[in-house]
1. Being free of Cβ contacts under 8 Å to residues at least 24 places away in the same chain and among the β-branched types (Val, Ile, Thr) is true for just one of Ile229, Ile253. Which residue is that?
2. For region 312-326, indicate whether the set of residues that are assigned to a helix (DSSP H, G or I), modelled with pLDDT of 95 or more and not charged (D, E, K, R) is non-empty.
3. Give the residue that is most open to solvent (accessible area, probe 1.4 Å), with candidates limited to residues of region 395-426 that are within 27 Å of the chain's Cα centre (by Cα) and over 22 Å from Gly263 (Cβ atoms).
4. Just to be sure, is Phe269 modelled with pLDDT of 95 or more, within 16 Å of ligand 1 (Cβ to nearest atom), open to solvent by 10 Å² or more (accessible area, probe 1.4 Å) and under 30 Å from Ala100 (Cβ atoms)?
5. Does Val174 satisfy being over 20 Å from Ile84 (Cα atoms), within 16 Å of ligand 2 (Cβ to nearest atom) and aliphatic (A, V, I, L, M)?
6. Residue under question is Ala182, and the condition is that it be aliphatic (A, V, I, L, M) and in a loop (DSSP other than H, G, I, E, B); does it hold?
7. Check region 334-347 and report whether any residue there is under 18 Å from Gln433 (Cβ atoms) and either part of a loop (DSSP other than H, G, I, E, B) or touching a Ser or Thr at 6+ places or on another chain (Cβ under 7 Å) (or both).
8. Restricting to region 154-177, give me the number of residues that are of a type outside the set (A, V, I, L, M, F, W, C) and more than 26 Å from Thr337 (Cβ to Cβ).
Amino acid sequence: MTKICCIGAGYVGGPTMAMIAHKCPNIDVHVVDINQSRIDAWNSDVLPIYEPGLQEIVNAARGHNLRFSTQVDQGIHDADIIFISVNTPTKTFGVGAGRAANLEFIEKCARRIAESSKGHKIVVEKSTLPVRTAEAVKRILAESTNGATFDVLSNPEFLAEGTAIEDLLEPDRVLIGGESPAAIQTLVDVYANWVDRKRILTTNLWSSELSKLTANAFLAQRVSSINAISALCEATEANVDEVAAAIGTDSRIGPKFLKASVGFGGSCFQKDILNLVYLCEHFGLQEIADYWEQVIKMNDHQKARFTRNMVKTMFNTVSSKRLAIWGFAFKKDTNDTRESAAIYVCRDLLRENAVLNIYDPKVSDEQIRHDLREAMSNDSGELNSVDRRLIEENVHVVSSKQAAASGAHAIAVLTEWDEFRESDFATIYKSMQKPAFLFDGRNVLDHQALKAMGFEVHAIGKKI
Ligand code: UDX
Ligand code: UDX
């Protein structure tokens with residue numbers, strides 16, 4: 001029986017391994033993590049991450065061929081194939097701070113694999129990594145004192161949160177980069193248990209590593225491009241949704257990823273582009289670095305523009321005004337808030353002295369306050385007393401969208417949760433201060449109907 005170990009039980013490692021276990025009953029899958037409470041959650045009925053369909057798949061495989069534990073060394077020792085799926089955050093210190101990926105955890109994993117392995121192992125990079133990281137991983141593994149031998153493969157994950165299970169079930173492609181044809185074939189055979197072989201692409205190691213960064217950079221670039229056009233739409237009375245629909249019918253452009261928004265978030269887009277920018281600079285390609293950095297600058301501009309527009313619309317002051325924030329996750333159907341536009345919009349509104357009633361169906365009070373504290377801290381991680389007080393006194397995390405809106409001057413929709421579209425707006429309108437403003441940062445509501453009810457509606461890239 002083939003044995004797989006995955007180091008890192010996060011948003012990528014957890015669902016990916018659950019799918020492999022579910023689709024390959026003849027493969028034993030052991031997911032290990034240094035974080036005990038995360039592992040306890042994976043072993044409970046309340047998984048550490050929210051993903052539609054995940055609980056069912058975990059329930060079906062857990063206790064059979066899927067196991068979660070903190071026994072990292074044992075997991076490595078027993079496995080034929082070891083996936084590294086630990087986090088690679090943007091460096092906050094030293095050379096490349098704010099841009100380069102922090103590869104500390106990857107290196108620690110490689111050293112631990114070198115120490116705990118015997119015989120031959122295939123090591124698979126699942127985490128998104130800068131090009132040529134495999135070089136370092138290979139060198140560390142080569143120092144193994146137990147006589148173990150290794151093949152290193154790159155197998156980046158393209159799943160998107162909220163649709164992880166669908167994406168894993170029917171991926172557009174599976175990408176496997178490597179040097180040893182036999183090792184590549186071993187991993188191809190795992191995926192071929194449920195993925196059409198025509199969709200399994202094999203490349204050299206470096207192409208695979210770079211393809212992941214490039215895919216995310218292109219996707220983020222589309223969002224920044226349509227968001228840039230949204231500002232022009234607002235100035236010209238064009239409608240960005242109409243423009244997106246019109247250009248999306250061109251088969252060369254395609255309809256996806258053209259939804260104007262308050263800005264993209266998530267753990268990948270910003271981190272991967274910063275990484276790409278750093279790589280370009282490292283190789284002396286300053287013009288290329290500047291080109292990609294603009295995608296991030298546009299996204300920052302879009303978030304700031306949204307907040308400024310809210311303040312300007314509400315008579316240039318939101319001080320002491322109660323504002324309902326609908327949605328805090330970076331997109332719908334996930335409890336993940338990493339780099340969510342909501343964090344930055346809320347931070348800027350708090351600094352205008354606004355009082356925020358925040359509601360998100362899946363994000364906890366603790367997480368929201370943690371994210372705001374982090375966003376309001378200085379580079380040394382210190383929070384000044386004014387910002388601390390703002391978070392303590394002006395942030396109210398509430399348990400329903402109605403409670404958030406009650407008595408508020410405005411609603412700002414920052415995540416496109418389905419339940420927001422299906423609201424009883426007539427009742428909500430009555431419960432609000434007048435004029436009742438509605439800022440749709442996701443363009444998901446029926447703007448004309450809301451306007452007819454009495455709301456003053458502001459959306460992205462269109463005049464209502
Ligand atoms: C991570 C990377 O951030 C991303 O670049 C990559 O594409 C996939 O893996 P994600 O799964 O979302 O993404 O990260 P996260 O949810 O933070 O999970 C990483 C897990 O690794 C955490 O549970 C952490 O405890 C664990 N970890 C980290 C280890 O087990 N060992 C370590 O040394 C470091
Ligand atoms: C992304 C990639 O899609 C995935 O392939 C990769 O493996 C990880 O990074 P994810 O970050 O989970 O996945 O979500 P995604 O659906 O790409 O959305 C990213 C952000 O862009 C979200 O904040 C989303 O709301 C925003 N977005 C997306 C838009 O604002 N407009 C769009 O048209 C699409």
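1. Among Ile229, Ile253, only Ile253 is free of Cβ contacts under 8 Å to residues at least 24 places away in the same chain and among the β-branched types (Val, Ile, Thr).
2. Step one: of region 312-326, the residues assigned to a helix (DSSP H, G or I) are 312-313.
Next cut, modelled with pLDDT of 95 or more only: 312-313.
Next, from what is left, pick out any that are not charged (D, E, K, R): 313.
Yes, region 312-326 has at least one match.
3. Initially, region 395-426 is screened for residues within 27 Å of the chain's Cα centre (by Cα), giving 395-401, 404, 411-423.
Still in the running and over 22 Å from Gly263 (Cβ atoms): 396, 398-400, 422-423.
Working: His396: 70, Val398: 38, Ser399: 107, Ser400: 33, Glu422: 135, Ser423: 20 Å².
Of everything passing the filter in region 395-426, Glu422 is most open to solvent (accessible area, probe 1.4 Å).
4. Values: modelled with pLDDT of 95 or more: yes; within 16 Å of ligand 1 (Cβ to nearest atom): yes; open to solvent by 10 Å² or more (accessible area, probe 1.4 Å): yes; under 30 Å from Ala100 (Cβ atoms): yes.
Criteria met by Phe269.
5. Working: over 20 Å from Ile84 (Cα atoms): no; within 16 Å of ligand 2 (Cβ to nearest atom): yes; aliphatic (A, V, I, L, M): yes.
It is false that Val174 is over 20 Å from Ile84 (Cα atoms), within 16 Å of ligand 2 (Cβ to nearest atom) and aliphatic (A, V, I, L, M).
6. no
7. Filtering region 334-347 for residues under 18 Å from Gln433 (Cβ atoms) gives none.
No, because not a single residue in region 334-347 is under 18 Å from Gln433 (Cβ atoms) and either part of a loop (DSSP other than H, G, I, E, B) or touching a Ser or Thr at 6+ places or on another chain (Cβ under 7 Å) (or both).
8. The first filter runs over region 154-177 and keeps only residues of a type outside the set (A, V, I, L, M, F, W, C), leaving 154-157, 161-163, 166-167, 170-173, 177.
Those left that are additionally more than 26 Å from Thr337 (Cβ to Cβ): 154-155, 170, 172-173, 177.
So the count comes out to 6.
The values are calculated or read from the model by the stated rules, or taken from the named source; none is laboratory data. Not measured: the values here are computed from a predicted model. Virtual Cβ from ideal backbone geometry, glycine too; neighbours counted across all protein chains shown. When the accessible area is computed, the model is the full protein with side chains, heavy atoms only, and any ligands, DNA or RNA have been set aside. Shrake-Rupley method; radii C 1.70, N 1.55, O 1.52, S 1.80 Å.
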